[in-house]
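What follows is calculated from the coordinates using simple rules that are stated; it is not laboratory data. These numbers were taken from a predicted model, which means no experiment stands behind them. Every residue, glycine as well, gets a Cβ built from its backbone with ideal geometry; the counts of neighbours run over all protein chains shown.
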């Protein structure tokens, strides 16, 4: 079983001095670079974007104003929730590969 992993990461298993496969190292480095970028984008999305999703087709003018003279609108909005199982899986996978 170990020979399968050796064929992936090393150039040739039968050589006297094993040389690391440079392409495989670059691919692994790219994957490990994507992990913090993905988690950082998720964190930015959670902290700095709206937690409400507004359906633009459902916005209706109520023909009323509030005390400050602003028009009152009604709309169908949904509170956005986050499900972090994908991010957790990516973090654990990256941690176990290091």
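Assorted remarks:
- In this entry, the range 51-98 is assigned a mean projected area of 5.6 nm², taken as a quarter of its C-alpha convex hull surface.
- Ranked by how many other Cβ atoms sit within 10 Å of their own Cβ, fewest first, the residues 64, 83 fall in the order 83, 64.
- Additional length obtainable on full extension of the chain from residue 88 to residue 34, 0.36 nm per residue less Cα span: 18.0 nm
- Residues 80, 28, 70, ranked from the fewest to the most other C-beta atoms within 10 Å, line up as 70, 80, 28.
- Per-residue Cβ neighbour rank within 10 angstrom, fewest leading, 93, 42: 93, 42
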